[in-house]
1. When only residues in segment A:80-94 that are within 8 Å of chain B (Cβ to nearest Cβ) and of a type in the set (A, V, I, L, M, F, W, C) count, which is surrounded by the fewest Cβ atoms within 10 Å (Cβ to Cβ)?
2. When the residues of segment A:209-266 are filtered to those that are β-branched (Val, Ile, Thr), farther than 20 Å from B:Leu84 by Cα and in a helix (DSSP H, G or I), which remaining residue is farthest from the chain's Cα centre (by Cα)?
3. Any chance segment B:91-101 includes a residue that's assigned to a helix (DSSP H, G or I) and away from every other protein chain (no Cβ under 14 Å)?
4. If you check A:Ser317 against the conditions, is it in contact with a strand residue (DSSP E or B) (Cβ under 9 Å, 6 or more places away or on another chain) and either free of Cβ contacts under 8 Å to residues at least 24 places away in the same chain or outside the structural domain of A:Val205 (by TED's automatic domain parsing) (or both)?
5. Please pick out the residue among B:Ser273, B:Ser254 that is of a type in the set (Gly, Ala, Ser), within 23 Å of B:Ala22 (Cα to Cα) and assigned to a helix (DSSP H, G or I).
6. Return yes or no: is A:Leu175 in contact (Cβ under 8 Å) with a residue 12 or more places away in the chain, over 19 Å from A:Met34 (Cβ atoms) and out of contact with any strand residue (DSSP E or B) (no Cβ under 6 Å at 6 or more places or on another chain)?
7. Specify which of the listed residues (B:Leu61, B:Leu104, B:Leu14) is assigned to a helix (DSSP H, G or I), surrounded by fewer than 24 Cβ atoms within 10 Å (Cβ to Cβ) and in contact with a Ser or Thr (Cβ under 9 Å, 6 or more places away or on another chain).
Amino acid sequence: MIQDHLDIQLIAIVTAVACALPGVFLVLRRMTLMSDAISHAILPGIVLAFFFTESLSSPLLILAAAGTGVLTVVVVELLQRTKLVKEDAAIGLTFPALFSIGVILISRFAGNVHLDMDAVLLGELAYAPLNRLNIFGYDLGPVSLYVMGTILLLNLAFILLLYKELKLVTFDVSLAAALGFAPTLIHYGLMTLVSVTTVGAFDAVGSILVVALIAGPPTTAYLITNRLSLMLTLSAIIGGVNAVSGYWLAYLFDVSIAGAIATMTLLVFGLVFLVVPNRGLIAIARRRARQKWEFAQTMLVIHLFNHEGLPEAEAESALAHLHEHLSWDPTFTRQVVKYALNNRCVSEKETQLTLTESGRAVARQVLVQ
Amino acid sequence: MENLSILTHLDYTLMIVAIGAALLGSVSGALGTYAVLRRQSLLGDAISHAALPGIAIAFLLTGSKTPLILVFGAAIAGWLGTLLILSVVRLTRIKYDSALGIVLSTFFGFGLVLHTLIQRTGNANQAGLDTFLFGQAATILKSDVLTIGILGGIASIIMFVFWKELKLLVFDESFAASIGFPIRVLDILLTSLLVIAIVLGLQAVGAVLMSAMLVAPAVAARQWTDKLSVMMFLAACFGVLAGVGGTIISSSVSRIPTGPTIVLCATAVVGFSILFAPNRGLLWGWFRQQRNKRSLTLSGYDGSSYAQPQDD
C-alpha cells in the first residue's frame with residue numbers, strides 16, 4: 001500500500017515535470033493550444049496502432065501516436081499557409097476532425113478491440129502501478145515510470161543541448177533565421193517532443209488533462225519571473241507540487257487523481273495570480289490605489305505652488321475652502337491633505353496649508369521648471 | 001403492417017434528431033462567424049470544457065437531470081471560465097492562448113473531480129460523463145428541440161437587435177470604443193451568446209467536438225464572401241447541412257456515432273470551400289496564376305529579362 005502511494009506520486013511527479021519543460025516554450029511562443037490540439041488529434045494514431053499491438057503501452061503505439069501529433073502540426077501549418085484560415089481557426093478545424101475519425105474508428109470496431117475510451121481521454125493514474133516491469137522475475141517498478149522517465153530525460157537533453165537555440169528561436173525568430181539557426185527544424189523538434197510527451201502522459205492523466213500539466217506550471221511561473229532558466233526551474237517545481245498535492249487531495253476525498261491534479265493547478269495558479277509581487281492582483285490593486293493618492297497629492301501641490309507668494313495665496317490655501325478650489329469632495333480633500341502631510345510635501349499652519357521644500361521640488365519636477 | 005409502424009416511428013425519431021441538429025447547426029454557425037472573425041475560434045473549445053463543473057454542481061445541488069437545469073449550470077460555469085480568461089489576459093502579461101489552455105483543462109479537471117464524487121454516492125441517476133464528452137444526438141427529444149429552438153431564437157434575436165454594435169466590435173474595436181460604444185458590455189454580451197450556443201450543442205456533439213461546430217461552418221462561409229451578413233447566412237446554412245447530413249449518414253450506416261459524423265460533414269464542407277470557392281479558393285488561385293503566366297508570355301516576357309545573380 002505504501003509502495004503504491006510512492007509509485008503513483010513518483011509517476012505523477014515525473015509526468016508533471018516532463019510536461020512542464022516543453023510547456024515553457026509553448027507558453028512563450030503562444031502555442032499553448034497546440035498541445036490541446038495534439039493531445040486530441042493523436043487519438044486516431046492510438047486507435048490504429050492499438051489494432052496492431054493490442055497494448056496501450058507499446059513503444060510502437062507511442063511512435064504512431066506521436067507521428068499523428070506531428071502530422072496535426074503540419075496540417076495546421078499548411079492550412080495557415082493558404083492564407084485562407086487563421087491560426088486559431090486552423091487548430092479548431094484540425095483536431096476535432098482527427099478526433100472524430102478516432103471516435104468513429106473505435107465505435108466501428110469496438111467489438112474487435114478492447115480500448116476503453118475513458119482510459120484514453122481521462123486516464124487513470126491509480127492503475128498505473130499495476131502494470132510492472134519484470135525482468136528475469138525481478139520486479140523493477142511500474143512500466144509507466146520507465147516510459148515517462150525516458151521521456152523526461154529526452155526533454156531534459158533536448159532543452160540542455162539546444163538551450164541557446166531554443167532561447168533565440170523563442171524570443172527572436174527573425175534573428176535566429178538570419179544567424180543561420182534553423183527555426184523550422186527546432187520548431188518541429190519541439191513539436192515532436194510535445195507529441196511524444198503528450199502520448200506518454202495520456203496513459204496516466206488522459207488527453208484533456210495533459211493540457212493542464214503542459215500549460216499550468218509554465219503559465220504560473222511566467223507570472224513570477226522574467227528569466228527563462230528560472231522559469232524552467234520554477235515550472236518543474238510547480239508541476240511537482242501540483243502533482244503531489246493533487247494526489248493527496250484525491251486520496252483524501254477519494255476522487256479522480258488526474259482531476260485533482262488539474263484542480264490543484266488551478267488553485268496554485270489562482271494563488272500566485274493573487275499574491276505575486278508586482279504582477280499579482282493584490283499588487284495591482286495596491287498600485288492603483290497608491291497612484292490615485294499620488295495623483296491627488298500632485299494636484300494639491302501644484303495648486304499651492306501656482307499661488308505661492310501671490311496676493312490670493314491666503315484664500316487659495318485655506319484649509320476650509322481647499323475643496324472648492326480643486327473641485328473635490330470635502331472628505332476626499334481631507335484625506336489627500338493627510339496623505340500629503342504624511343509625505344511631508346505640505347505643512348499645516350493654523351488654517352493655512354504651505355508647501356515644504358520637498359513639496360516644491362515635486363511641483364517643479366511635474367511642471368518641468 | 002407491424003414493420004411499417006416501426007419504420008414510421010424510426011423516421012419520426014430521425015426527423016426530431018435531424019431538426020435538432022439543424023437548429024444547433026444554424027445557431028452555432030451564425031454565432032461562430034463572430035468567433036472566427038475575432039480570432040477567438042478556440043474560445044468555444046474552452047467554454048465547452050469549462051462547462052463540466054457547472055453541470056456537475058447543478059446536478060449535485062438539485063439532484064435533477066432535467067436538461068434545462070444542467071444547461072443552466074453549464075452556462076454559468078462556461079461564462080465564469082470565459083470571464084476568468086478575459087480578466088487574466090487584461091490584467092497580466094499572460095497571452096490569450098495560455099489563459100484559454102489553463103482554464104479549459106483545469107475547469108474540466110475540477111468537473112472530473114466532482115463527477116467522481118457523484119459516481120461515488122452511487123446515485124443511479126448520474127449525469128453521464130460520456131454524454132457530456134461526445135454528446136448523444138440520438139437521444140434528442142421533442143422537448144429538447146423546443147429548448148434549442150427557444151434559446152437559439154432568443155440568441156438570434158439579440159444578435160439582430162445589436163447587429164450594428166456587434167459588427168463594429170468585430171471589425172474595429174478601437175473605433176467602436178472611441179465613438180462611445182460600451183466595448184466591455186458588448187464583449188460580454190457576445191460571449192454570453194456564444195455560451196448559449198455552446199451549452200445547447202453539448203448534448204448533440206459533446207464538449208470535445210463543439211469547437212468544430214462553431215469554427216467549421218464560419219470558416220467555410222468566409223471563403224465564399226466578404227460580407228458579414230452573407231457570411232453569417234451561409235454559415236448557418238452550412239451548419240444545417242452538416243447537422244442534417246451527419247444525422248442521416250450516421251443513421252444509415254451501423255455503429256457510426258452522430259456527433260463525430262456531423263463534425264466530419266462540417267469539415268468536408270470546409271475542405272470543399274477552401275478548394276473550390278470562387279476568388280479565394282485554392283483552385284481559383286491556381287487558375288489565376290496560370291492565366292497570369294500566359295499573359296506574361298504573350299506580352300513578350302520570357303523570364304530572361306531579370307538579371308540573374310552571378311557568381312564571380
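1. A:Leu84
2. Step one: of segment A:209-266, the residues β-branched (Val, Ile, Thr) are A:210-211, A:214, A:219-220, A:224-225, A:233, A:237-238, A:241, A:244, A:255, A:257, A:261, A:263, A:265.
With farther than 20 Å from B:Leu84 by Cα added as a condition, the list becomes A:210, A:225, A:233, A:237-238, A:241, A:244, A:255, A:257.
Okay, now just the ones that are also in a helix (DSSP H, G or I), so A:210, A:233, A:237-238, A:241, A:244, A:257.
Working: A:Val210: 13, A:Thr233: 13, A:Ile237: 13, A:Ile238: 11, A:Val241: 15, A:Val244: 18, A:Ile257: 21 Å.
This residue is A:Ile257.
3. Filtering segment B:91-101 for residues assigned to a helix (DSSP H, G or I) gives B:91, B:96-101.
Remaining after also requiring away from every other protein chain (no Cβ under 14 Å): none.
No, because not a single residue in segment B:91-101 is assigned to a helix (DSSP H, G or I) and away from every other protein chain (no Cβ under 14 Å).
4. Working: in contact with a strand residue (DSSP E or B) (Cβ under 9 Å, 6 or more places away or on another chain): yes; either free of Cβ contacts under 8 Å to residues at least 24 places away in the same chain or outside the structural domain of A:Val205 (by TED's automatic domain parsing) (or both): yes.
For A:Ser317, the condition - in contact with a strand residue (DSSP E or B) (Cβ under 9 Å, 6 or more places away or on another chain) and either free of Cβ contacts under 8 Å to residues at least 24 places away in the same chain or outside the structural domain of A:Val205 (by TED's automatic domain parsing) (or both) - is met.
5. Working: B:Ser254 fails: assigned to a helix (DSSP H, G or I).
From the options B:Ser273, B:Ser254, the qualifying one is B:Ser273.
6. On the way: in contact (Cβ under 8 Å) with a residue 12 or more places away in the chain: no; over 19 Å from A:Met34 (Cβ atoms): yes; out of contact with any strand residue (DSSP E or B) (no Cβ under 6 Å at 6 or more places or on another chain): yes.
Here the answer is no, as A:Leu175 does not meet what is asked.
7. Being assigned to a helix (DSSP H, G or I), surrounded by fewer than 24 Cβ atoms within 10 Å (Cβ to Cβ) and in contact with a Ser or Thr (Cβ under 9 Å, 6 or more places away or on another chain) holds for just one of B:Leu61, B:Leu104, B:Leu14, which is B:Leu14.
Listed here are the residues, each with its yes/no results for (1) over 43 Å from the mean Cα position of the chain (by Cα); (2) closer than 30 Å to A:Val275 by Cβ.
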{"position": "A:Arg290", "(1), (2)": "no, yes"}
{"position": "A:Asn306", "(1), (2)": "yes, no"}
{"position": "A:Glu312", "(1), (2)": "yes, no"}
{"position": "A:Ala315", "(1), (2)": "yes, no"}
{"position": "A:Ala320", "(1), (2)": "yes, no"}
{"position": "A:Ser327", "(1), (2)": "yes, no"}
{"position": "A:Val346", "(1), (2)": "yes, no"}
{"position": "A:Gln352", "(1), (2)": "yes, no"}
{"position": "A:Val362", "(1), (2)": "no, no"}
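The values are calculated or read from the model by the stated rules, or taken from the named source; none is laboratory data. Computed from a predicted structure; not experimentally measured. Every residue, glycine among them, receives a Cβ derived from its backbone with ideal geometry; neighbour counts consider all protein chains shown.
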